[in-house]
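Only one structure is covered here, and it is reproduced in the block below.
The values are calculated or read from the model by the stated rules, or taken from the named source; none is laboratory data. From a predicted model like this one, the values you see are computed outputs, not experimental measurements. Note that we place each Cβ from the backbone using ideal geometry, even for glycine, and neighbour counts take in every protein chain shown. Areas reflect the complete protein model, heavy atoms only, side chains present, ligands, DNA and RNA absent. Shrake-Rupley method; radii C 1.70, N 1.55, O 1.52, S 1.80 Å.
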Amino acid sequence: RTAVRRLLWEETKLPGIIRRAGIDLLHATWNSGIPARCSVPAVLTIHDLIPWHAPNDHFATVFQRVCYRYAVRASARRAARVPTVSEYVRRDVLSRLRLDPNRVVAIPNGVDRPPAPLTQCDAADRPYVLYVGGHERRKNVAAIFKAMQRYWERFDPSLELRLTGSVESLCSDAVPVLRRLPDDAPLRFLGTPADDELAGHYASARALLLLSHDEGFGLPVLEAMA
């Protein structure tokens, strides 16, 4: 749950798990996780270094930040190869972690196509635009609310905004902007839809909105295209 506890688990518990499992190769799939006493070759996938860019949004203390940076840097140096999910992240890793460029390779994320063609928005259903993702500050959901408010005032007050997640998950920047919207603003939170339900939301939306300040890849864009 915290960078400190994660680092302790990786360095003290994980080596024994690796030995008992009798594996030939360790693939650490989330930015860190290669212990100093790793008994097999290892590969480390780095999805992004966003907590490195904005530590105040991710860590309660300086010690947590130090532990995160140590875990990522040490795991990257121990790895035989470091795949990243985009060329953007690869350049970021090379700049911040100072690794041999030959050990770092971009392997972009992918998504499955829907099993069957999905129909577009039914004429009887209210047209809507869609936001898919978390609600931390870097996602810039406050700007989505501002943009929609301007659109409703100037063009079409009936176009609905649908967002995954809930009001309770909004970051502190987005809450006051949401409260300034009219009570009758066409806005709906979807919670956490199942994969097939989410595919339907994508297919029926008039547009996907993604205004993030920082993304390692931006998977909702690819999902919307699929």
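Which of the chymotrypsin sites (Phe, Trp or Tyr not before Pro) found in region 90-171 are in a DSSP loop and have at most 11 neighbouring Cβ atoms, other than their own, within 10 Å? Display every interim value, and only then the final one.
Working: sites: Tyr128, Tyr131, Phe145, Tyr151, Trp152, Phe155; in loops: Phe155.
Passing sites in region 90-171 are Phe155.
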- Top to bottom by accessible area (1.4 Å), largest first, where do Thr61, Thr84 land? Thr61, Thr84
- Message: Return the equivalent ellipsoid semi-axes of the chain as a descending list in whole Å, where each equals the square root of 5 times an eigenvalue of the C-alpha gyration tensor.
- Response: 39, 21, 15
- Counting residues in region 93-208 as N, plug N into 2.2 N^0.38 Å and put the Cα Rg over that result. 1.35
- Descending Cα extents along the principal axes, region 1-70, whole Å: 40, 21, 16
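In the chain, what percentage of the DSSP-assigned beta bridges are antiparallel, given to the nearest 5? Could the numbers behind the result be given before it?
Numbers: 2 of 19 bridges.
If I count the DSSP bridges inside the chain, around 10 percent turn out antiparallel.
Can you pull the Rg over Rh of region 1-134, Cα-only, Kirkwood?
Values: Rg = 19.0 Å, Rh = 17.1 Å.
Rg/Rh: 1.11.
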- Note on the structure: The set of residues whose placed amide H lies less than 5 Å from the amide H of Val104, leaving out same-chain residues fewer than 5 positions away, is Val82
- Message: Tell me the volume per residue, in Å³, of the convex hull enclosing the alpha carbons of region 136-195.
- Response: 91 Å³
- Area accessible to solvent at Leu159, 1.4 Å probe radius, in Å²: 20 Å²
- Distance in Å, no decimals, from the C-alpha centre of region 155-226 to the one of region 1-69 is 31 Å
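Express the relative contact order of the chain as a whole percentage, based on alpha carbon pairs under 8 Å and six or more residues apart in sequence.
Working: 339 pairs, mean separation 43.4, N = 226.
Answer for the chain is 19 percent.
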- How do Lys139, Lys146 stack up against each other in accessible area, from largest to smallest, with a 1.4 angstrom probe? Lys146, Lys139
- Per 10 Å bin, what percent of the C-alpha pairs of region 57-139 does each bin hold, from zero upward? 13, 27, 28, 17, 13, 3
